Amino acid sequence: MHAMSMELSGIEMRYLVNEIKKKVCNGYYVSNVYGITNDSIQLKLHHPTEPDILLMISAKGIWISKLKFDSIEQGELVNVLRNKITRAKIDDVEQFGSERIVILKFAIDDGIRNLIAEFFAGGNIILCDESMKILTVLNPIAVRHRVLKVGATYAYPPKSGMDVFELKAEDMMGLRSSDLDV
C-alpha cells in the first residue's frame with residue numbers, strides 16, 4: 001500500500017494563513033533559519049516576552065511546529081535567507097487570492113523582504129525584495145507565462161478559475177446554465 005499525497009486546497013490554505021498570522025504578527029522576528037530537507041526550511045521566530053515559535057515552510061505546506069528538526073541541508077536558499085531575513089520582524093502573512101500561495105512580509109532596516117511559498121507543481125520557496133526582485137529561489141523555472149530566477153521580477157502564475165473568496169451570487173447564477181449543479 002502506498003502513501004497518498006494530499007494537497008491543500010485554497011480554502012484550507014486560508015484557514016492556515018489566518019491561524020499563523022494571529023500567532024506571529026505581533027512582534028516576532030526571525031532568530032534563525034534552518035534547512036531541513038532540500039525543499040523545506042524552518043524559521044525560528046523569537047519574541048521579547050512570548051515563547052519561541054518554529055514555523056515550517058516546505059514545498060508541500062506551511063505550519064507551526066513544536067518539533068525542532070535536525071538541520072540537514074545547507075544550501076544556497078538557506079544561506080541567502082539567513083543573510084537577508086535573520087533579525088527581520090514578521091510584518092504580515094497573506095494568501096494570494098484563493099491560490100495556494102503564501103506571502104510572508106518581513107520588515108528590515110532598509111525596507112521589506114517577501115518570502116513567497118508556492119504549494120503546487122512541486123512547490124517553491126522564493127525570497128524577493130520590496131520591488132519583488134527575486135533574491136533567491138528554490139526551484140528556478142522558465143516557462144511560457146513566467147520566469148523565476150535570481151534577478152528576475154516575481155510574477156504570480158496565471159489565475160486558475162474563479163477566486164472563491166471573491167465569488168458573488170451573480171457569478172454563481174452564471175454557472176447554472178453550465179454542466180455544474182450549483
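None of the figures in this text is laboratory data; all of them are computed from the coordinates on show. Not measured: the values here are computed from a predicted model.
Observations
- Structure note, pairs LYS60/LYS149; LYS68/LYS133; LYS89/LYS159; LYS22/LYS68; LYS44/LYS159: Cα-Cα distances above 25 angstrom occur for LYS68/LYS133; LYS89/LYS159; LYS44/LYS159.
- Working from Cα pairs under 8 Å separated by at least six residues, relative contact order for the stretch 11-103 is 34 percent.
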